[in-house]
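The structure appears right after this line, and notes come after that.
The values are calculated or read from the model by the stated rules, or taken from the named source; none is laboratory data. Quick caveat: nothing in here was measured; it's all calculated off a predicted structure. As a convention, Cβ positions derive from the backbone with ideal geometry for all residues, glycine included, and neighbour counts pool all protein chains shown. Heavy atoms of the whole protein, side chains included, go into the accessibility calculation; ligands, DNA and RNA do not. Shrake-Rupley method; radii C 1.70, N 1.55, O 1.52, S 1.80 Å.
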Amino acid sequence: MKLFMDTANVDHVAAVAAWGVLDGVTTNPSLVAKEGKKFKPTVLAMCELVPNVSAQVTATDFEGMKKQGEEYASWHAHVVVKVPMTVEGLKALHYFRFKNIRTNTTLVFSVNQAILAAKAGANIISPFIGRLDDIGEEGMDLIAEIMEVWNHCHFDTEVLVASIRHPRHVAQAARLGAHICTIPYDVFTKLPNHTLTDVGLKKFLSDWERAKK
Ligand code: G3P
């Protein structure tokens, strides 16, 4: 499973890229607004750190998405154009596939939306599991259903688990065979840690203090 970071913070991307585990970044307008930095320089800085950077179009009509997406794709070969799961978005996904522009479909909340995006030509679909959990549904059930369909249909579209809330979500996504998981920085920094690792290392080091004499 590929690991992406869900952020618009370049320092956070650089920090985790240095671990040697980061395959990409997903941004969205809310994350960009939170950082308060200009969009294009942010995307370009991230493209220097990782091979996949999702940049979301803000147009809602096909022509507008087409124009924005073509512009983003011209910035850097690592850009993946993020398109919302709407009828206009489906038209844009189809157009971008034809143009060899890589795409990620955002705001996917059902199996049928996932199927349509894949049929239209999306390279990636992003089901939002945390937001389903937030309304009392079981977000991971959607991933299980999508992976079941993918096993039958053999789409070449990668399933990216988005809206991750805690480390358990990452392990669950991997167990279900998802292709990609996009993880917020605060969750990412929890992944390397385990209390028994800390206790074990402390003991190794204190024992070594006695052994080396
Ligand atoms: O990037 C899309 C998605 O991961 C958003 O997550 O936490 O806003 O539901 P969240």
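Condition test on Val111, is it hydrophobic (A, V, I, L, M, F, W, C), modelled with pLDDT of 95 or more and over 15 Å from the mean Cα position of the chain (by Cα)?
The answer is yes for Val111.
Condition first: outside any strand (DSSP E or B) and touching a residue at least 40 places away in the same chain (Cβ under 8 Å). Now tell me which residues in region 117-151 satisfy that.
Matches in region 117-151: Ala117, Asn123, Ile129.
Keeping to region 1-59, report how many residues are among the aromatic types (Phe, Trp, Tyr) and closer than 29 Å to Gly177 by Cα.
Total satisfying the criteria: 2.
Within region 123-142, which residues are under 16 Å from the mean Cα position of the chain (by Cα) and within 13 Å of the ligand (Cβ to nearest atom)?
If the condition is that a residue be under 16 Å from the mean Cα position of the chain (by Cα) and within 13 Å of the ligand (Cβ to nearest atom), then Ile124, Ile125, Ser126, Pro127, Phe128, Ile129, Gly130, Arg131, Gly139 are the ones that fit.
Looking only at region 27-43, which residues are within 17 Å of the chain's Cα centre (by Cα) and touching a residue at least 24 places away in the same chain (Cβ under 8 Å)? Walk me through it before giving the result.
Taking region 27-43 first, the residues within 17 Å of the chain's Cα centre (by Cα) are 27-32, 42-43.
Passing the criteria: Thr27, Asn28, Pro29, Leu31, Val32, Thr42, Val43.
Quick grid of which residues meet (1) surrounded by 15 or more Cβ atoms within 10 Å (Cβ to Cβ); (2) aliphatic (A, V, I, L, M); (3) farther than 25 Å from Thr7 by Cβ:
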residue	(1), (2), (3)
Ala178	yes, yes, no
Tyr185	yes, no, no
Lys203	no, no, yes
Arg210	no, no, yes
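Report every pair of residues separated by at least 6 positions or lying on different chains whose Cβ atoms are under 7 Å apart, first residue within region 60-73 and over 16 Å from Pro29 (Cβ atoms) and aliphatic (A, V, I, L, M), second open to solvent by less than 20 Å² (accessible area, probe 1.4 Å) and outside any helix (DSSP H, G or I).
Pairs found: Ala73/Val79; Ala73/Val81.
Going through region 118-137 one residue at a time, which ones are surrounded by 23 or more Cβ atoms within 10 Å (Cβ to Cβ) and of a type in the set (A, V, I, L, M, F, W, C)?
Those that are surrounded by 23 or more Cβ atoms within 10 Å (Cβ to Cβ) and of a type in the set (A, V, I, L, M, F, W, C): Ala118, Ala122, Ile124, Ile125, Ile129.
Sort through Val170, Val199, Val187 and tell me the only one that's touching a Leu at 6+ places or on another chain (Cβ under 9 Å) and hydrophobic (A, V, I, L, M, F, W, C).
The unique qualifying residue is Val170.
Between a residue in region 172-193 that is more than 13 Å from Leu22 (Cα to Cα) and any residue that is of a type in the set (D, E, K, R) and within 16 Å of the ligand (Cβ to nearest atom), which pairs come within a Cβ distance under 9 Å, given they are 6 or more apart or on different chains?
Short answer, once both residue conditions are applied: Ala178/Glu158; His179/Lys2; His179/Glu158; Val187/Asp6; Val187/Arg165.
Working only within region 160-175, note down all residues that are away from the ligand (no atom under 16 Å from the Cβ) and either among the small types (Gly, Ala, Ser) or surrounded by 18 or more Cβ atoms within 10 Å (Cβ to Cβ) (or both).
Within region 160-175, Ala171, Ala174 qualify.
Based on this model, can you work out whether Thr157 counts as open to solvent by less than 10 Å² (accessible area, probe 1.4 Å), within 12 Å of the ligand (Cβ to nearest atom) and β-branched (Val, Ile, Thr)? Let's see the steps before the verdict.
On the way: open to solvent by less than 10 Å² (accessible area, probe 1.4 Å): yes; within 12 Å of the ligand (Cβ to nearest atom): no; β-branched (Val, Ile, Thr): yes.
No; evaluated as a whole, the condition is false for this residue.
Of a type in the set (Lys, Arg), outside any helix (DSSP H, G or I) and within 16 Å of the ligand (Cβ to nearest atom), is that true of Lys190?
Against the criterion (of a type in the set (Lys, Arg), outside any helix (DSSP H, G or I) and within 16 Å of the ligand (Cβ to nearest atom)), Lys190 qualifies.
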